[in-house]
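Here the structure is laid out as structure tokens; the discussion comes afterwards.
The values are calculated or read from the model by the stated rules, or taken from the named source; none is laboratory data. Keep in mind the model is a prediction, meaning the values are calculated, not measured. As a convention, Cβ positions derive from the backbone with ideal geometry for all residues, glycine included, and neighbour counts pool all protein chains shown.
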């Protein structure tokens, strides 16, 4: 797999006019212990409202400003592009986030912990609300998602707080 993403970041010049602060190509990095997943961490924040200052941009550009409950500080966000290889092993996980998962390329199944499968094709969007889930690429080509993750309070069901479950590879 050869995930490559262009990231264009805007900013301001000394007169307050909009400028392109950076324009770069990013190459996907394999997930720790999961070589079948490549991802580019596009941007992250660790507070709301977001600090749009030049001083904050360097840390935000590097991704995972502060890792608190998987995404950030408890008030953060992450944008990442992720590529899953076909036939890759699945892993069930849950994060304390609200996730917008936008399938940009290919096809993939969303599997829930009860075994329910939802088949996704290009352009489909999943609003994932702190549930246990896995992404399963059953196609014959890589699939690519844009993920926007926002820190959230853990879901509560049946009086039980459903906290982050992210198994080690």
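Scoring residue 121 on the criteria (1) in contact (Cβ under 8 Å) with a residue 24 or more places away in the chain; (2) closer than 25 Å to residue 27 by Cα leaves a single failure, condition (1).
Counting only residues that are farther than 18 Å from residue 146 by Cα and surrounded by 15 or more Cβ atoms within 10 Å (Cβ to Cβ), region 24-33 holds 0 of them. Only one of the numbered conditions (1) free of Cβ contacts under 8 Å to residues at least 40 places away in the same chain; (2) under 30 Å from residue 162 (Cα atoms) is violated by residue 104, and that is (1). Taking the criterion of being surrounded by fewer than 18 Cβ atoms within 10 Å (Cβ to Cβ), over 21 Å from residue 132 (Cβ atoms), over 12 Å from the mean Cα position of the chain (by Cα) and at pLDDT 85 or above, would at least one residue in region 88-104 satisfy it? Scanning region 88-104 turns up at least one residue that is surrounded by fewer than 18 Cβ atoms within 10 Å (Cβ to Cβ), over 21 Å from residue 132 (Cβ atoms), over 12 Å from the mean Cα position of the chain (by Cα) and at pLDDT 85 or above. Considering region 124-151 alone, what residues qualify as being more than 16 Å from residue 166 (Cα to Cα), outside any strand (DSSP E or B), touching a residue at least 24 places away in the same chain (Cβ under 8 Å) and touching a strand residue (DSSP E or B) at 6+ places or on another chain (Cβ under 9 Å)? Listed by number, the residues that qualify are 137, 138, 139, 141, 142. Against the conditions (1) at pLDDT below 95; (2) over 23 Å from residue 5 (Cβ atoms); (3) surrounded by fewer than 17 Cβ atoms within 10 Å (Cβ to Cβ); (4) within 17 Å of the chain's Cα centre (by Cα), residue 62 satisfies every one except (2).
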